[in-house]
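Asks: One structure, as C-alpha cells, below. Some questions next.
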Amino acid sequence: MTEAHIMTVRWTGDGVLAEAMAAAASEQGHAPVLSEEEGGAKLFVEVMDDDLQALRDRVDALLVAFSTLEEQHKG
C-alpha cells in the first residue's frame, strides 16, 4: 500500500486577496476551491504527496507565496 500524506490549507479574508491566492495555488499545480461568504471569501487548498518531505516542501512553497501576496496586499 502506498502512503498518502495530505495537508489542508484553509484561509478566509478579503475576496481580492483570495482570488490572487487561488491563482498562486493553481500556478503551483493545486486545485484551490474558492467560495464567497458574507464580508469576504473562503479559500481551501488540499496538498497531497506520497512523500512526507515533498509534501512539506510543497506546503512551504504555497505558504511563502500566500505570505508574499498578503504583504503586497497590505502594503
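Values in this text are rule-based calculations from the coordinates and carry no lab data. Computed from a predicted structure; not experimentally measured. All Cβ positions, glycine included, derive from the backbone under ideal geometry; neighbour counts span all protein chains shown.
Asks: What's the local net charge at LYS42, with K and R +1, D and E -1, over the other residues with C-beta under 13 Å away? The partial results should precede the final answer.
Replies: Numbers: positive: ARG10; negative: ASP14, GLU19, GLU36, GLU37, GLU38.
Summing Lys/Arg as +1 and Asp/Glu as -1 gives -4.
Asks: If you add up the charges near THR68, with Lys and Arg at +1 and Asp and Glu at -1, over every other residue whose beta carbon is less than 13 angstrom from its beta carbon, what do you get?
Replies: -3
Asks: I would also like to ask the following. Taking 0.36 nm per residue of separation and subtracting the Cα-Cα distance, what length does fully extending VAL64 through ASP50 add?
Replies: 2.9 nm
Asks: Determine the dipole magnitude for the chain: charges of +1 sit on the beta-carbon of Lys and Arg, -1 on that of Asp and Glu, nothing else is charged, the reference point is the Cα centre, and the result goes in debye to the nearest 20. List each step's numbers first, then the result.
Replies: Numbers: 5 positive and 15 negative charges, 22 e Å.
The dipole magnitude comes to about 100 debye.
Asks: Give me the net charge of ALA4's neighbourhood, meaning all other residues with Cβ under 14 Å from the Cβ of ALA4; Lys, Arg count +1, Asp, Glu -1.
Replies: -4
Asks: Let me ask something else. For helix 15-27, report the angle its Cα long axis makes with the longest principal axis of the Cα atoms of the chain; keep it between 0 and 90° and round to the nearest 10°.
Replies: So the inclination is approximately 30 degrees.
Asks: Give me the Kirkwood hydrodynamic radius of the range 5-74 in Å, from all C-alpha pairs, to one decimal place? Before the final figure, lay out the partial values.
Replies: Values: mean 1/r = 0.0819 Å⁻¹.
12.2 Å is the Kirkwood radius here.
Asks: Of MET21, THR68, MET7, which is farthest towards the positive pole of the chain's charge dipole, taken about the Cα centre with +1 and -1 on the beta-carbons of Lys, Arg and Asp, Glu respectively?
Replies: THR68
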